[in-house]
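Bear in mind these aren't lab numbers, they're just calculated from the coordinates by the rules spelled out. As the structure is a computational prediction, the values presented were derived from the model and not from experiment. So basically every Cβ, Gly included, is an ideal-geometry build from the backbone, and we count neighbours across all protein chains shown.
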Amino acid sequence: RPRSSSSSSGFVPEKRGSYVEPGDESRTTTTNLFVGNLAPNNLSEEQITNYFSRWGELHSVKIMWPRTPEEQARNRMSGFVCYRYRRDAEHALQSCDDTDCFGNGRRLMVRWGKNMIMAHSDNN
């Protein structure tokens with residue numbers, strides 16, 4: 001869980017399910033977006049990466065594939081798009097929420113996801 005110093009610094013995020021403390025974006029935390037209502041069997045992580053990278057540098061993209069018959073019957077999937085910088089994630093959230101970004105008749109639900117700690121390649 002990220003350390004919260006909102007009470008001591010006066011920083012209070014507006015309408016955020018998760019947040020990155022100002023100045024920490026490039027060190028240990030990032031902004032993760034939940035992307036819901038993805039079309040099943042119609043999108044790849046590569047397509048999602050290509051689309052969402054227009055707002056900034058991505059750390060990761062993950063589709064949550066249905067695991068059970070019940071999940072498959074819902075006929076929708078979800079995923080996560082993790083940006084390196086909060087401002088890029090904010091722009092993507094504002095631009096993509098409740099829009100048919102992929103032209104397949106599905107309006108995406110984009111919300112803040114839980115923060116992820118970025119792994120550094122020099123920590124092997």
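The table that follows gives values for the structure above.
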| read-out | value |
| --- | --- |
| Cα-projected label distance for E46 with R67, points at 7 Å along beta-carbon direction, nm | 2.7 |
| For peptides 64-70, 95-101, sequence by mean Cβ density within 10 Å, most packed first | 95-101, 64-70 |
| Potential extension, A39-M109 segment - 0.36 nm per residue separation minus Cα distance | 24.0 nm |
| Amide proton proximity set for M64, modelled H, under 5 Å, gap of 5+ | S78, G79, F80 |
